[in-house]
Amino acid sequence: MNLNLKIPIIFFDLETTGTNINKDRIVEICYIKIYPNNNEESKTLRINPEMHIPKESTEIHGIHDEDVVSCPTFKEVATNIAKDFEGCDIAGFNSNRFDIPVLAEEFLRAGVDLDLNRHKFIDVQIIYHKKEQRTLSAAYKFYCKKNLEDAHSAEGDTRATYEVLKAQLDVYSDLQNDISFLSDYSSFNNNVDFAGRMIYNEKNEEIFNFGKYKGKPVTDVLKNDPGYYSWIQNSDFTLNTKAMMTKIKLRELTGK
């Protein structure tokens, strides 16, 4: 089943130096842009992460330091990537928990203003886990009846994710071929920041989702414990988390 699209959607996958959203960097990005007429454009870029790629990560994706030493840094290609993503919905596999937060951090480091919060996100892994509880390779085998031969290459995983979502729409009659529905269905929480340190409650208020103030409105904590803001800004939180908290603080100060 082809996707029912009103605007283009980008399927993407990242290979990285590790799994720390705050510190690890992209070494490869692949994305496939699908247009409402089902035409496709694909792009794969190797990225110099400006840091060592640990052996454990290389064993997963096969990319060594010497493979990317002459490649552009993310900052050098960030503007072009942002232009490709602008105005598109975004989909991936485990993307809400990992790829989107990592990509947001890279854009912030590069000083590129792409407001990812304006995009709808579909996480095919969440749909799959809600339905079948397995991995991408197993999902590809289950839904597409094929073996994923090039697993853990960004291009192979990206293509497989796109094919799995189309197959899921064929298999499950209760899945609507609608980007808004799929975005809502594949969300765990209504996150304020991509790392999920803050979420919206049933009143659409920002609340903390961790630590001693878990479940407390962010605005109340900022008012009653102003030092908590400084602690977060100076601690090992993502740049996106810090930026969203600053946005809330400024909103309260200015009334806008």
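Out of the residues in the range 109-137 meeting the condition of being acidic (Asp, Glu) and more than 17 Å from MET244 (Cα to Cα), tell me which one is surrounded by the fewest Cβ atoms within 10 Å (Cβ to Cβ).
My answer is GLU132.
Please verify whether the range 222-232 includes one or more residues that are touching a helix residue (DSSP H, G or I) at 6+ places or on another chain (Cβ under 8 Å) and touching a residue at least 60 places away in the same chain (Cβ under 8 Å).
No; the residues of the range 222-232 include none that is touching a helix residue (DSSP H, G or I) at 6+ places or on another chain (Cβ under 8 Å) and touching a residue at least 60 places away in the same chain (Cβ under 8 Å).
Name, by its number, the condition in (1) under 28 Å from LYS6 (Cβ atoms); (2) touching a helix residue (DSSP H, G or I) at 6+ places or on another chain (Cβ under 7 Å); (3) in contact (Cβ under 8 Å) with a residue 60 or more places away in the chain that does not hold for HIS152.
Tallying (1) under 28 Å from LYS6 (Cβ atoms); (2) touching a helix residue (DSSP H, G or I) at 6+ places or on another chain (Cβ under 7 Å); (3) in contact (Cβ under 8 Å) with a residue 60 or more places away in the chain, HIS152 fails exactly one: (1).
Taking GLU59 as the residue in question, decide whether it is over 24 Å from SER42 (Cβ atoms), assigned by TED's automatic domain parsing to the domain that holds GLU41, under 23 Å from the mean Cα position of the chain (by Cα) and acidic (Asp, Glu).
yes
Restricting to the range 170-200, name every residue that is more than 15 Å from HIS119 (Cβ to Cβ), among the small types (Gly, Ala, Ser) and either surrounded by 14 or more Cβ atoms within 10 Å (Cβ to Cβ) or in contact with an Asp or Glu (Cβ under 8 Å, 6 or more places away or on another chain) (or both).
ALA195, GLY196
Note down all Cβ pairs under 6 Å where the first residue falls in the range 87-110 and is closer than 11 Å to ALA195 by Cα, the second is of a type in the set (Ser, Thr, Tyr) and outside any helix (DSSP H, G or I), and they're at least six residues apart or on different chains.
Taking only residues 6 or more apart or on different chains, the pairs are GLU105/THR238.
Yes/no matrix, rows are residues, columns are (1) of a type outside the set (Ser, Thr, Tyr); (2) buried (at least 17 other Cβ atoms within 10 Å of the Cβ):
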site: LYS23; (1), (2): yes, no
site: TYR35; (1), (2): no, no
site: GLU59; (1), (2): yes, no
site: ASP89; (1), (2): yes, yes
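Mind checking which helices (runs of 4 or more DSSP H) fall wholly inside the range 89-168 and carry at least 3 residues that are of a type in the set (Phe, Trp, Tyr)?
In the range 89-168, 136-144 are the helices (runs of 4 or more DSSP H) which contain 3 or more residues that are of a type in the set (Phe, Trp, Tyr).
Looking at the structure I just gave you, is GLU163 out of contact with any strand residue (DSSP E or B) (no Cβ under 8 Å at 6 or more places or on another chain) and within 15 Å of ILE34 (Cβ to Cβ)?
It is true that GLU163 is out of contact with any strand residue (DSSP E or B) (no Cβ under 8 Å at 6 or more places or on another chain) and within 15 Å of ILE34 (Cβ to Cβ).
The values are calculated or read from the model by the stated rules, or taken from the named source; none is laboratory data. Small disclaimer: the values here were computed from a predicted structure and weren't measured. Every residue, glycine among them, receives a Cβ derived from its backbone with ideal geometry; neighbour counts consider all protein chains shown.
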